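Laboratory data are not the source of any read-out in this text; all were calculated from the coordinates shown. As the structure is a computational prediction, the values presented were derived from the model and not from experiment. Here the Cβ positions follow ideal geometry from the backbone for every residue, glycine too, while neighbour counts run over all protein chains shown.
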Amino acid sequence: MRLLADECVAGSTVMALREADMDVVWIAETTPGIGDREVLTQAHTDGRILLTEDKDFGELVTRFAHP
């Protein structure tokens, strides 16, 4: 499974997923501070499932039809 972990996801969660052989890119390591729209775009472009604790993503997807 290919995941994109948002910056708000705990490092311990990211490490546990990696130890379980999940392919996880973590925003906190790669591009900290980018906006929610950029995070969604990256997940979509890279074909990754977004893992987040931020409820704002639901509005971007449902209300504003962001892929």
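Inter-label distance, Met22 to Thr45: 2.3 nm, where each label sits 7 Å from its Cα along the C-beta direction.
Our coupling estimate for the stretch 19-27, obtained by passing each phi through the Karplus curve with A = 6.51, B = -1.76, C = 1.60 and θ = phi - 60°, is 5, 8, 6, 8, 8, 10, 9, 10, 3 Hz, Gly and Pro reported as x.
Using R0 = 22 Å, the C-beta based FRET efficiency linking Glu29 and Arg2 works out to 0.90. Summarising the amide proton neighbourhood of Ala5: residues at separation of 5 or more, or on other chains, whose placed amide H is nearer than 5 Å comprise Val25, Trp26, Ile27, Leu51.
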